[in-house]
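The structure appears below as structure tokens.
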Amino acid sequence: MTGYLGYESNNKGEKMTENRRNGYSPKNIKTSMGEREISIPRDRHASFESVILPKHRPWF
């Protein structure tokens, strides 16, 4: 998320974008050890998409 938004987490200084971090969303993945829940970071504009686990696609 730091590379995407262009600033470190908890940076109190002025930022080049109005988009901000907005917590995490849970996502369930199936592994060889069973199903696990992971947290995917999200931003206020909902424009961040994980390259490893894309939005709205099942992970098997």
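The values are calculated or read from the model by the stated rules, or taken from the named source; none is laboratory data. This is a predicted model, so every value here is computed, not measured. Backbone-built Cβ (ideal geometry, glycine too); neighbour counts: all protein chains shown. Ligands, DNA and RNA are stripped out before the accessible areas are found, and what is left, the full protein with its side chains, is counted by its heavy atoms. Shrake-Rupley method; radii C 1.70, N 1.55, O 1.52, S 1.80 Å.
The label point for E14 and the one for S39, both projected 7 Å from the Cα toward the Cβ, are 3.2 nm apart. Dividing the helix sum by the residues of the chain, where each DSSP H run of 4 or more adds -39500 (n - 2.57), gives a mean residue ellipticity at 222 nm of -1000 deg cm²/dmol. Under 5 Å from the amide H of I40 lie the amide H atoms of S25, K27, each residue being 5 or more positions distant or on a separate chain, with H modelled from the backbone and absent for Pro and chain starts.
Given Cα pairs under 8 Å that are at least 6 residues apart, what percent is the relative contact order of the chain? Show your work: numbers first, answer last.
Working: 64 pairs, mean separation 17.6, N = 60.
Relative CO of the chain lands at 29 percent.
FRET efficiency for the pair I52 and Y24, taken as 1/(1 + (r/R0)^6) with r the Cβ-Cβ distance and R0 = 25 Å, rounds to 0.95.
With +1 on the Cβ of every Lys and Arg and -1 on the Cβ of every Asp and Glu, and nothing else charged, how large is the dipole of the chain about its Cα centre, in debye rounded to the nearest 20? Display every interim value, and only then the final one.
Values: 11 positive and 7 negative charges, 26 e Å.
Dipole size: approximately 120 debye.
Solvent exposure of the chain amounts to 84 Å² per residue of accessible area, where only protein heavy atoms count and the probe is 1.4 Å. Across the range 4-19, coupling constants 3J(HN,Hα) worked out from phi with the 6.51/-1.76/1.60 Karplus curve, θ = phi - 60°, read 6, 8, x, 8, 6, 4, 6, 6, 8, x, 5, 10, 7, 9, 8, 5 Hz, and Gly and Pro carry x.
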